[in-house]
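Here the structure comes first, spelled out in C-alpha cells, and everything after it is commentary.
Laboratory data are not the source of any read-out in this text; all were calculated from the coordinates shown. This one's a predicted model, so the numbers in the text were calculated from it and none came from an experiment. Glycine also receives a Cβ, built like all others from the backbone with ideal geometry; neighbour counts cover every protein chain displayed.
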Amino acid sequence: MRIKHLRGRWVRRTTERSKMTDPEELAVTHRHFIVHKPFGYMSQFVCELKKKKLLGLLHDFPAGTMSIGRLDEASEGLLLLTTDGKVSERIRAKSVEKEYYAQVDGLITDEAVRQLQQGVEIGLHGDKYQTLPCRAFRLETAPNLGARGRKIRDDRHGPTSWVSIIVTEGKFRQVRKMTAAVGFPTLRLVRVRIGAIHLGDLPAGQVQEVGGFFTDAPVPTVVPLPSEPAC
C-alpha cells in the first residue's frame, strides 16, 4: 500500500493485495446479562474491603462488564449488566420504572400505602428529601421468591407483610427509607422489574446472557440472543 498526493490531499492507494476493512469487523461486540443478585453480594467487581462477595463469583463475566444501577448488599433481585457504557447511561438516565417487593415488619395498613403513593420525607446525605409520588400496593399473598440465604427473623417476633413499590427514582436506600418513614421497616427487599425487563423465575445467583437491552422505546426491553442455526 502506497501513499500519494492528489490535489492537495494525501490519500491511500491500495494494491491488489490490500483489502478494505469490513465496517462490521470494526464494530465492538458488546455483551449483556440479567442477574438475580443474591443476598449478601455487592453489585460490583472490585471492593477495597476484604471478605466481600462480588459479582465475579457468580459468572465469568468479560472484561469491562458494569452494572446498570446497583442494589445494596442486603438487597436482592434483578440486576442488569453490560459492557456497553452507552446502554448503561440510557437506562439510568431515563425515568425508567423499577419495581420492588418489600417484606415489612408488621401488617402494612392502607394509610401507610397511601402515604407511600403520595411521597414521603426521607433523609438523604444529611438533608431532608421528599420522594416523588409513586405506585404502591399491598401484596395479598407472599411472592414466590425462594428462601433468602439468611433467615429474616424468628416468627415469634410478629407478623410481616409484603408491598409492591414502583419508583422512577434511584436514591440511596430509597425504598427502605420510605417504608421506615411510614412505620413499617423493610426486612427483605427484592427488585423484580426494570422497565419491561422482569426477574421472572430466574433463581438467585443465576446469570442469563441476552442479546441486548432495547432502549429506544420508552420502556427498556430485552433483546434475545440470536438463535443458533439448526444442524
Of C47, C134, how do they rank once you tally other Cβ atoms within 10 Å and put the fewest first? C47, C134
Give the Rg/Rh ratio for segment 27-119, taking Rg as the radius of gyration of the Cα atoms and Rh as the Kirkwood radius, to two decimals. 1.06
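Relative to the present Cα-Cα distance, how much length would full extension add between D154 and Q130 at 0.36 nm per residue of separation? Can you show the working numbers first?
On the way: separation 24, 0.36 × 24 = 8.64 nm, distance 3.33 nm.
Contour length minus the Cα-Cα distance gives 5.3 nm.
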Could you go through segment 82-90 in sequence order and give the Karplus-derived ³J(HN,Hα) for each residue, using 6.51 cos²θ - 1.76 cosθ + 1.60 with θ = phi - 60°, rounded to whole Hz, and x for Gly and Pro? 7, 9, 9, x, 5, 5, 4, 5, 5
Distance from the Cα centre of segment 69-89 to that of segment 163-231, in angstrom? 9 Å
Fewest-first ordering of H59, H32, H157, H125 by Cβ atoms within 10 Å yields H125, H157, H59, H32
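Can you pick out the pairs among K86/K177; K51/K86; K98/K177; K52/K177; K53/K128 whose Cα atoms lie more than 26 Å from each other? It would help to have the intermediate numbers written out before the result.
Details: K86/K177 30 Å; K51/K86 32 Å; K98/K177 16 Å; K52/K177 24 Å; K53/K128 32 Å.
Where the Cα-Cα span goes over 26 Å, the pairs concerned are K86/K177; K51/K86; K53/K128.
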Given 37 °C and 0.692 mPa s, how large is the Stokes-Einstein diffusion coefficient of segment 113-231 in µm²/s, with Rh as the Kirkwood radius over Cα pairs? 192 µm²/s
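Please list 199-205, 175-181 highest first by mean number of surrounding beta-carbon atoms within 10 Å per residue. Numbers along the way, then the final one.
Numbers: 199-205: 14.6, 175-181: 21.9.
Most protected by this proxy first, the peptides run 175-181, 199-205.
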